[in-house]
Structure formats: C-alpha cells, structure tokens
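Rule-based calculations on the coordinates, nothing more; no lab input. Everything numeric in this text was worked out from a predicted model, so none of it was measured. For neighbour counting, all protein chains shown are included, and Cβ atoms are generated from backbone atoms with ideal geometry for every residue, glycine included.
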Amino acid sequence: MKRHEIIQVLDGYHPKIGNGVALGLNALIVLSAIAIAMETVPSLPPALRAGLFGFEIVLLGVFTLEYLLRVICSPRPLKYIFSFWGLVDLLTILPAIALMTPQWQAVRAFRLIRLVRLLKLFRSSKALERLVFAFREVKGEMMIFSVVAGLMLYIASVGIYIFEHDAQPENFSSIPMSLWWAVASFTTVGYGDLVPITAGGRIFTTFVLFIGLGIIAVPSAIVTTALLEAETNIQKRKDDQSNAAETTKGD
C-alpha cells in the first residue's frame, strides 16, 4: 500500500477499508473516554482497574502507531506535525505516556483531548459546512454583540455591588465577586447562591434579566437567519466557481 493510500485509510477516505478504520479509531476514542470516567470510581474492583490500565496501554500503542504513520506517510511531515489536527493527535498520546510516571498523574486528565478528534467525523458534513459559512457571514455582528454583552456584564456587576454590598458584604464583597451573579442572571440560569435582598437590588435585577434575554435572543436570531441563507449562498458560490472553471477551460 502506497503512502497516500495509508493517509486515505486513516482519514476514512479509502474506498475499501477507510470507513471501517475511521469508525474503529473513533470507537476507541469513545471507549477511552468511558474508561477514564470509570477510573475515577473509588470502589472500583482491583481486577477491573487493572483491566482499564491494560486497555490504556493498548490505546497508547494504537494511537502512537497512527501518529507515526501520519508523520511518515504525510507528503509534508512538518506541516502535519504543526497543524491543528497534528497537535491534537500528538496530545492524544502524550498524556497517556505521562501516566506511566507517578509524578505526572495530574496530566492524565488531558487524555480527554481525544474526544476532539471526533470532530473529524464532520469534516465532510454539509451541515457543518453551512454552520461554518453562517458564522463567517455574521462574525461582525457577533463580535459587536460579544462586546455589548461584556460591557453589560460589567455594568450589571457594578450595579448589583452598589445595591447589595452593604446588605450582604460577604456575598457581594467585590465587583469581581458580583460578576458571577451577573453571568448567572444574564444567562437566566439563576443558581440562587447569590440573591439580592434589597428593594433596589431586586428592581435592578429585573432590568438585568430582561436585558439578558434580549442579548441572548438577538445573536440566536442572527445565526438562525444566516443558517437559512447559507444553503442558497453556498450553492450560488459553487455554481459561480463551476461557471468560472468552464469559462477558463473554454478559453
């Protein structure tokens, strides 16, 4: 098998075995996430814990082999190594290697980076293409609303601090502490750990909640509209490219 065919197999594009290999690798990623979760159970039997450790060794071997194959078979190895997916593939195996050394046990949590590789399943997805296109079309509007949301969060933090600091000096001890209340209120989550008790604080909170609903709703509407228009715009762009290619070929 030639080098470019090996890359096709690993990426899932090979006509014969690519799909099976890609699904198998991603199944291992999901199973590794389950294994990591199971390892945190305190009452796990020693035999099962040993089995999970053995499974981790197998995963380390599989993903190390995949990474080495990609580096060797890539037409431009350095470009792959320093690309986004190359770094993700590397981070897939480095934390697993670190678990062999006791003093690096804390790094083991980064093994969940493997789950990022599941995004490769959507590389050829038309739905993902529409979503990316929609965000590109409205990135200016989203940037504006992000700045507005940040300013409103700061104003809300300052406001609730002014109203509630004297009544609840421990809960609203500072503006940074009040920022948590502002985030929970703007997102309409309302955990209830920080609650205004003064009349002014409650009135101020009412305004914050209504403003928060607007700040969340407007970007959602913008993205939804862009998604509805994305299919038409993508098709138009493809038609234009096709017509330009035909014109160039005719010349």
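Brief remarks follow.
- Pairwise label distance in nanometres, Leu151 with Phe207, each label 7 Å out on the Cα-Cβ vector: 1.6
- Tensor-based shape of region 132-235 (alpha-carbon gyration tensor, a/c under 1.5 rounded, otherwise prolate or oblate): prolate
- Label-point gap, in nm, between Ile222 and Leu131 - each point 7 angstrom along Cα→Cβ: 1.9
- Estimated vicinal HN-Hα couplings, Hz - region 3-8 in sequence order (Karplus 6.51, -1.76, 1.60; Gly, Pro = x): 4, 5, 6, 5, 4, 4
- Legend: calculated FRET efficiency, Arg49 to Ser83, from the Cβ-Cβ distance at R0 = 51 Å, rounded to 0.05, equals 0.90.
- The calculated FRET efficiency for Ile72 paired with Leu23, based on their beta-carbon distance and R0 = 30 Å, is about 0.85.
- Computed packing ranks the peptides 161-169, 215-223, 186-194 as 161-169, 215-223, 186-194, most packed first, by mean other Cβ atoms within 10 Å.
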